[in-house]
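Each reported figure results from applying straightforward, stated rules to the coordinates on display, with no laboratory input. Keep in mind it's a predicted model, so treat the numbers as computed, not measured. Using ideal geometry, Cβ is built from the backbone for each residue, glycine included, and neighbour counts are taken over all protein chains shown.
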């Protein structure tokens, strides 16, 4: 009788352990990170990034960008908010990651309405990173298209390209280029809001957190921002 009870206890314990491991395995399929960014041209924003594994090397991704620049709203109200979803695809060797997304902007930044408008703009984007033993590369392209303009709307294009070299697993450096410009305006001529060209240094910690600082000249001829720029950015997985 004791053997039967012992066998049952072992089976219950094994089943419980298997269930816990299965639950833990499911939990590891999701990721979430915060990415605070501040640059001299557009100000400060916080980016929330999440993903859920659909199958090996394919993720459903989602993001939100919280802009706090008061000029992007009505004196601190109606601030610009981005939300979107996408798909992330990783290469078999894990070095390349491609993430197209479709998002919407909320507020009044592009459509120049009197107050907040939900889905006031449409934002398709593409994010690509490559990371090998000695080389790292990041590029991002997003088109901000006004949907609910009231006579003075604009469309914007944001691009950045960041190639670099890894000194070791903790430090890297390289070139930095970022451009934000108008592609369409209801009134007047389109302008380049800023065009940064410089370099960066980056520190990466063992827990996946990294910190990048970029600086250099603003090569835009429209003189809407200072002749020099800085951008500071961190990636904090939770």
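Counting only strands (runs of 3 or more DSSP E) that fall entirely inside the range 132-238 and contain at least 2 residues that are out of contact with any helix residue (DSSP H, G or I) (no Cβ under 9 Å at 6 or more places or on another chain), free of Cβ contacts under 8 Å to residues at least 40 places away in the same chain and surrounded by 14 or more Cβ atoms within 10 Å (Cβ to Cβ), the qualifying elements are 135-146, 154-166, 171-185, 192-204, 210-217. Scanning the range 105-125 for residues that are farther than 11 Å from residue 148 by Cβ and surrounded by 15 or more Cβ atoms within 10 Å (Cβ to Cβ), we see that the one that is nearest to the chain's Cα centre (by Cα) is 125. Of the residues examined, residue 64 is one that is within 20 Å of residue 38 (Cα to Cα) and under 18 Å from the mean Cα position of the chain (by Cα).
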